[in-house]
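Step one of this worksheet: look at the structure below.
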Amino acid sequence: MQTFYLIYFFIIGIIFGSFFNVVGLRVPEKKMFESQRSYCPHCHHTLSWYELIPVFSYLIQMGKCRHCRKSISPIYPVMELVTGVLFAFSFYTLGFQWELLTALFMCSLYSIIIVSDLKYMLIPNRVLLFFLPFFIVMRIIVPLDPWWSPVIGAVSAYLLLALIIIVSKGGMGGGDMKLLALLGIVLGFQGVLLAFLLATLYGTIISIALLSMKIIKRKEPFPFGPFIVLGSLTSYFFGENMIHWYITTFF
Ligand SMILES: [Zn+2]
């Protein structure tokens with residue numbers, strides 16, 4: 001039965017991931033509610049249902065538009081798969097409990113944000129505002145210990161990044177600040193600080209790797225949102241174990 005639900009959440013995740021791709025692409029361009037169906041960005045050919053099957057269509061068409069043969073960015077099928085894996089992993093870790101909803105909301109937010117930050121270097125306010133009430137309600141239903149930890153988490157994340165933005169004169173954006181503050185509600189005080197530390201660690205390692213492989217240039221702006229996402233995921237799913245390990249090892 002466990003396997004059945006894992007597959008179920010994986011498939012639901014892939015389907016939602018496909019929808020989140022569209023949200024992440026359209027919200028920054030303020031096209032969310034346009035009635036036009038998905039189309040090829042090169043030749044504007046409207047996609048039919050069999051070109052819209054998540055992951056599958058991409059593989060069948062070998063990553064190319066059926067009309068103009070131009071390549072489709074692999075980020076879309078990859079994000080669909082990632083969302084599927086995150087949904088299944090959330091269920092695997094939490095099982096059927098209220099907190100599973102929080103995890104699914106959080107992973108949904110991540111998928112949308114990665115797409116829009118990679119594509120436009122932008123984390124849309126409207127996406128963050130949309131998730132805010134859900135996270136607040138979920139932290140009332142499933143409070144952290146102590147119950148005010150999410151409040152302190154959100155405020156300290158906001159202030160910390162505001163300080164970094166002022167000192168670094170734009171090393172990070174206002175979108176990153178608001179995203180981390182929002183995640184403070186989900187992760188609580190300890191969790192969001194750990195998420196931020198991990199995000200800077202991942203960001204440093206990956207930017208050094210990309211610089212040395214000459215994939216990016218020095219001083220080139222670099223979306224930080226995906227690293228906040230990676231840091232938060234690690235913190236959310238493994239943070240308690242990490243903090244426990246740290247305290248028992250060093251104190
Ligand atoms: Zn095309």
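The values are calculated or read from the model by the stated rules, or taken from the named source; none is laboratory data. These numbers were taken from a predicted model, which means no experiment stands behind them. Methodologically, a virtual Cβ is constructed for each residue, glycine included, from the backbone with ideal geometry; neighbour enumeration extends over all protein chains shown.
Would it be correct to say that residue 164 is of a type in the set (A, V, I, L, M, F, W, C), part of a helix (DSSP H, G or I) and modelled with pLDDT under 95?
So residue 164 passes the test.
Cβ-Cβ distance below 8 Å, separation of 6 or more or different chains: which pairs start in the stretch 55-73 with a residue that is more than 19 Å from residue 119 (Cβ to Cβ) and in the same structural domain as residue 10 (by TED's automatic domain parsing) and end on one that is of a type in the set (Lys, Arg) and within 13 Å of the ligand (Cβ to nearest atom)?
64/70
Which of the residues that make up the stretch 43-57 are within 16 Å of the ligand (Cβ to nearest atom) and either out of contact with any strand residue (DSSP E or B) (no Cβ under 9 Å at 6 or more places or on another chain) or on the phi > 0 side of the Ramachandran plot (or both)?
Listed by number, the residues that qualify are 43, 44, 48, 50, 51, 52, 57.
Might you check whether a residue that is away from the ligand (no atom under 15 Å from the Cβ), within 20 Å of the chain's Cα centre (by Cα) and part of a loop (DSSP other than H, G, I, E, B) occurs anywhere in the stretch 64-82?
yes
So which pairs qualify, if the first residue must be in the stretch 40-52 and under 11 Å from residue 66 (Cα atoms) and assigned to a loop (DSSP other than H, G, I, E, B), the second must be more than 9 Å from the ligand (Cβ to nearest atom) and of a type in the set (Lys, Arg), the Cβ gap must be under 7 Å, and the two must be at least 6 apart or on different chains?
47/37
When you go through 87, 96 one by one, which is the residue that is away from the ligand (no atom under 16 Å from the Cβ), outside any helix (DSSP H, G or I), assigned by TED's automatic domain parsing to the domain that holds residue 1 and closer than 22 Å to residue 134 by Cα?
Result: 96 is the single residue among 87, 96 that is away from the ligand (no atom under 16 Å from the Cβ), outside any helix (DSSP H, G or I), assigned by TED's automatic domain parsing to the domain that holds residue 1 and closer than 22 Å to residue 134 by Cα.
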